[in-house]
Amino acid sequence: MPPTRADLVLTGEGRLDAQSASGKTAFGVAQIATAEGVPAICIPGQAAPDAPRDIFAAVYPLVGPSPEGEITVAAALADPKRYLRLRAAEAIDALQRNAR
C-alpha cells in the first residue's frame, strides 16, 4: 500500500550502491514514496560514491562523519541503535530546517 498518510518515509539497507536502483528494497520504497509526494530518507550502513541519491530527499550513511565525530564500522556494529537514532534525528532536523 502506498504511504499516502505519511509525512516522511525512512528506509535503509546495508550498502546503498549502483545496484540499489536494480531492485533493492530501499530504492523501491523511495520510488513509491516519491510518487505519492512523500519525502524518503535513506539511512544505509554505507553509501558508495555511485549510489543513486537523487530519488531520496537525503541519504545519511550510518558509517562516516557525524556531529559526534567519525562513526566507524566497528562502532556502528557495536551500537547500531545509538547510531541509527543519531542519523534519524539528523535527517528529521534537516528536513524541519528546510521546511521553514
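Just a few scattered comments:
- Residue that is surrounded by the fewest Cβ atoms within 10 Å (Cβ to Cβ) [pool: residues in segment 36-63 that are touching a Pro at 6+ places or on another chain (Cβ under 6 Å) and under 20 Å from Ala89 (Cβ atoms)]: Gln46
- Subset of segment 1-35 that is closer than 17 Å to Leu95 by Cβ and out of contact with any strand residue (DSSP E or B) (no Cβ under 9 Å at 6 or more places or on another chain) - its residue that is surrounded by the most Cβ atoms within 10 Å (Cβ to Cβ): Ala6
- Matching residues in segment 64-91 - criterion: being under 30 Å from Glu36 (Cα atoms) and either in contact with a strand residue (DSSP E or B) (Cβ under 7 Å, 6 or more places away or on another chain) or surrounded by 14 or more Cβ atoms within 10 Å (Cβ to Cβ) (or both): Tyr83, Leu84, Leu86, Arg87, Ala88, Glu90, Ala91
- Which listed residue, of Ala58, Ala89, Ala75, Ala33, is without any contact (Cβ under 8 Å) to a residue 24 or more places away in the chain and under 12 Å from Leu10 (Cβ atoms): Ala89
- Selected residue (only one of Glu13, Glu68 is outside any helix (DSSP H, G or I) and in contact with a Pro (Cβ under 6 Å, 6 or more places away or on another chain)): Glu13
- Residue in segment 26-45 that is assigned to a helix (DSSP H, G or I), modelled with pLDDT of 90 or more and touching a helix residue (DSSP H, G or I) at 6+ places or on another chain (Cβ under 7 Å) present: yes
The values are calculated or read from the model by the stated rules, or taken from the named source; none is laboratory data. Just so you know, these numbers come straight off a predicted model, no measurement behind them. All Cβ positions, even for glycine, are placed from backbone atoms using ideal geometry, and neighbour counts span all protein chains on display.
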